[in-house]
Amino acid sequence: MNTSSAANLDRDRTSQIGERMESKFYRNWHLAKSDTEASVTEFEWGVIRLYEAFARWVSTTGSLLVDEDLKFAEHLILHVIRMHNRPKNSITIARMMNRDDVANLQYSLRKLESSGLISKSKDKTGKSFSYVVTEKGTQITDAYANVRSDLLIRAISTIADVDERMAEMTQMISVLTGIYEEMARSSTTYNAQY
């Protein structure tokens, strides 16, 4: 695809994505009674679809590279452990992934360890374990990075001004993550007057 065609395709996608739903489609919906509620709802549904597509991408690509029955979360954890090639304990991994289900995380760590993709050792304090990627895990994560570069990054690179746009979206998602986290805390003590 030439540069002009890619720019036109990107412009068409952007105009389709940027078009607002007509009010008749969302005014009677319980999650979207105002323009702001409609915008937030459209964003949330976009996040859900993006998450599911991302999970499919990671799981499908990962299954091409490793014969183990690894789920989406295990593939992500493997890459997080490899990040910066430094050992990480389960608390650090959970924090990096914004997870609070440490028991499930530890199950995934045991699964990765039994698959020979990571190894664990006692921390300096001797109170907890740290995890590192094994040689086999390094080969798998390197192969994933190569496939990702060949397919995904090449496709994403066709988007006009992709680096700036990704930076803006990342910043917005980071801000929204903080808002959702704060509202999750607030909702535990929320007492609506109905």
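A few notes on this one:
- Annotation for E44 and M172: the two label points, set 7 Å from Cα along the Cα-Cβ direction, are 1.7 nm apart.
- Fewest-first sequence of I140, I48, I156 by Cβ atoms within 10 Å of each Cβ: I48, I156, I140
- Summing +1 for each Lys or Arg and -1 for each Asp or Glu among the other residues whose beta-carbon sits under 15 angstrom from that of Y107 gives -1.
- The residues packed around I179, meaning those with a beta-carbon under 14 Å from its beta-carbon, carry a net charge of -2 if Lys and Arg are +1 and Asp and Glu are -1.
- Relative contact order %, segment 90-172, counting alpha carbon pairs below 8 Å whose residues are six or more apart: 16 percent
- P(r) of segment 52-194 over all Cα-Cα pairs, binned every 10 Å from zero, in whole percent: 10, 31, 32, 20, 6, 1
- Along the axis of the charge dipole computed for segment 22-186 (Cβ charges of +1 for Lys and Arg, -1 for Asp and Glu, origin at the Cα centre), the listed residues N98, L152, S174 are led at the positive end by N98.
- Added length on full extension, which subtracts the Cα-Cα distance from 0.36 nm per residue, S128 to S187: 17.9 nm
- Whichever lysines have a C-alpha closer than 30 Å to that of K33, once near sequence neighbours (fewer than 8 apart) are set aside: K24
- Near T134: Cβ cut-off under 11 Å, other residues only, Lys/Arg at +1 and Asp/Glu at -1. The net charge is +1.
- Average Cα contact separation per residue, segment 22-186, under 8 Å, 6 or more apart, as relative contact order %: 16 percent
Every read-out reported here was derived from the displayed coordinates using simple, explicitly stated rules and does not represent laboratory data. This one's a predicted model, so the numbers in the text were calculated from it and none came from an experiment. We place every Cβ from the backbone using ideal geometry, glycine too, and count neighbours over all the protein chains shown.
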